[in-house]
Structures are given as structure tokens and as C-alpha cells.
Amino acid sequence: MRDWYARPAGYFIAVGDGELEIYRQEDDALKLIDRLAEEDLANWKQSIQLDESQPVTLLLKPGQYLQRRIILPVAAQENLHQVVGFELDRLTPFSTDQVYYTARLLKPLPGERISVECILILKALLDPYLDLLAAAGLPPHQVSILPPDGSPRLEIDLLPPERRPRTHRWQHWLNYGLTVLLIGLITVAMTMPILHQQQTIAKLERAVRQTRKAAREANQLQRKVATLKQQAHFVLDKKQAARPLIAVLEELSQRLPEDTWLTGFHYRQGKLQIDGKSPAASKLVELLEKSPYFRNVHFVSPVTQDRVTGMERFRISMEVSSDDTE
């Protein structure tokens, strides 16, 4: 497990059912310190004087995210995130443009395979949570998960790159400037004549009205979150008829000779094109045609010889059958 307690002390916020749970790290564990309504988040942040030295982590509870363990060929390890993205619409009812996801290697398995953990959440569910925290001046540094055992999985981070705290550094300076302005207004109110004090009070009242407006907007976000949660149903699909990328990769690794190297791979809508080098490229078409997976195997361009290695460069195209025909 990751040595998560070495992180700087900060706050952990779990969102659900219109209520926020606030945690702090104590004795290598999380301790619940407060519960509050979502519209009270901005006032809570002001009351503790939170700054950037105290990172905020958004925790997702079970039911808000989908967690899967899948088996892949060991060849997928080099481009794990991309391979899982290709398989996402087969493993879940969603495509990559509908979710935020992360994948990590768990362990190698016998037979040139690996065990991989994939965790994902609907963008339509996570984005309102991020907007809620950002509106309260608490943009999260990380989005992790909180399993039922209560131990946060901080090696998991579902926060999209465009939401990283570095893009919101202006908020720190804005809060700092507002604090200085408020102190200045109070100082002026204490030193200026009584007639001018009412003008200062009027300015403070406008600031209070703006805070109330922000609270109303947060309440609207809460209702949007509730609506989106009703629409988010993580249901596993049955395997699709199209042959999965995993099976295609494994079949290629079995059919191609060990002295043949692939430098390019493109698989889309039942069409497969491969580029590579081989001592005898002309024999590859015959080898691939023997596979029940492939048909209409042919060279896309003439075979050429690499002057440095002496190997033959090739580009082969084929159709991938939708089911086994031995």
C-alpha cells in the first residue's frame, strides 16, 4: 500500500445525498470531523482559514464509481491506459468520452498475462462535484476512492488534467486580496468619521449579499448533482459480438514468428493493419491466413529491405472475423 500518511496534512471531503463529510488524517487513519450541507461549504472553508498548504482530496464512495479487475496480455503493459480505453465500451456501457478512468497493473500472471485494475466514474457525475468544490474555493488536489473498509486508495487519482490545482492558482491570490481588502475596510471604518462609517457598512453588506448569492448557486449545483446521480447506473454489458482487442493481440503473438517485430498496429471496426520487420515477410501472409481470426490477408505496400538490419519491412492488412470458425 502507498505510504499515504506521508502527504501534507489536509482535508478529505466525501460527497453524497446532499451532505458533505469532512475528514482529517489522525494516527494513520481518517477521522470524521464534521458533516454539513453542501450550501454551507463556503462558510466552513472561511471558518477554518484553509490555504494551499492544506490540500483537499475528494473521496468517492462505493456506488459513485465502477471498479473492475481484468486480465490482459503482457504486451498491453507498455500502453496500458490506451489498451483499457479501447476495451472500455466492451467492459462497461460507456465510451471514453463519457467517463474519467484510470488503470494500474496489479500483478503478472502465468501464461504471459497481467492482472489490471480499472476504476472509472461518469463525467456527468464527477464534474458537478468538482464544480461544487471549486465554487466554494476548495478545488481538489486529487480525486480518490473510499472503499467500504474506510481506508482511502490514494494511489488512485481520477482528477482530470484540466482540473489540476495549478490551473486555479489565481483563486489563492484572489482570496488573499479579498482578505487584505476586508482588513483595510475594517481599519478605515475604525478611523474615519462616523458619517463615513455607514458607507463602509454598506460595502460590507454588499459583500454579504454576494456570499449569499454564491450559496444559492451552490444549492442549485446540489440539485443538479442529485438529478445526475439518478441518471448514473453502472451496469455491466454482455460481451459484444465483435472480437475484443485482447484476443486479437494474443492471436497475433501466437501466429507471428519470434524473429518478427511489429512497429505499427491499427485495429478498428473489424479491420486490422500491422507494420513491422521480419527476415521473411513473404511467409507472413500464409501464416496469418491459417488463423480462424483473420481473412483477406494481403500486403498493402511492396515489401522493402532495411539496409541496416537486413530485415524486410512490411505492411499487411486483414479483416478480423467476428466469431471462431475452426
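The values are calculated or read from the model by the stated rules, or taken from the named source; none is laboratory data. It should be emphasised that the depicted structure is a prediction, and the values quoted were computed from it without experimental measurement. Methodologically, a virtual Cβ is constructed for each residue, glycine included, from the backbone with ideal geometry; neighbour enumeration extends over all protein chains shown.
Checking the structure you have, find out if any residue of the range 206-221 is at pLDDT 70 or above, surrounded by 12 or more Cβ atoms within 10 Å (Cβ to Cβ) and among the basic types (Lys, Arg).
Within the range 206-221, not a single residue is at pLDDT 70 or above, surrounded by 12 or more Cβ atoms within 10 Å (Cβ to Cβ) and among the basic types (Lys, Arg).
Looking at Ser301, Ser282, Ser291, which one is farther than 29 Å from Arg90 by Cβ, in a loop (DSSP other than H, G, I, E, B) and polar (S, T, N, Q)?
Just a single option satisfies the conditions, and that option is Ser301.
Looking only at the range 59-97, which residues are among the hydroxyl-bearing types (Ser, Thr, Tyr) and either surrounded by fewer than 18 Cβ atoms within 10 Å (Cβ to Cβ) or not assigned by TED's automatic domain parsing to the domain that holds Ile145 (or both)?
Across the range 59-97, the qualifying residues are Ser95, Thr96.
Please determine whether any residue of the range 275-287 is touching a strand residue (DSSP E or B) at 6+ places or on another chain (Cβ under 7 Å) and touching a residue at least 40 places away in the same chain (Cβ under 8 Å).
yes
Which of (1) surrounded by fewer than 18 Cβ atoms within 10 Å (Cβ to Cβ); (2) touching a helix residue (DSSP H, G or I) at 6+ places or on another chain (Cβ under 8 Å) does Val15 not meet, given it meets every other one?
(1)
For residues that are under 26 Å from the mean Cα position of the chain (by Cα) and hydroxyl-bearing (Ser, Thr, Tyr), scanning just the range 25-58, find the one that is surrounded by the fewest Cβ atoms within 10 Å (Cβ to Cβ).
Result: Ser53.
Suppose we filter the range 275-320 for residues that are basic (Lys, Arg) and in contact with a Lys or Arg (Cβ under 8 Å, 6 or more places away or on another chain); how many remain?
3
Pick out the one residue from Leu122, Leu105 that is in the same structural domain as Leu60 (by TED's automatic domain parsing), more than 11 Å from the chain's Cα centre (by Cα) and at pLDDT 90 or above.
Matching residue, one of Leu122, Leu105: Leu105.
Restricting attention to the range 104-138, report how many residues are out of contact with any strand residue (DSSP E or B) (no Cβ under 8 Å at 6 or more places or on another chain) and closer than 30 Å to Gly177 by Cβ.
7
Taking the options Thr263, Thr304, name whichever one is closer than 24 Å to Ala75 by Cα and among the β-branched types (Val, Ile, Thr).
Only one candidate qualifies: Thr263.
If we only count strands (runs of 3 or more DSSP E) wholly inside the range 12-93, which ones have 1 or more residues that are modelled with pLDDT under 85?
Filter on the range 12-93 gives 19-26, 29-37.
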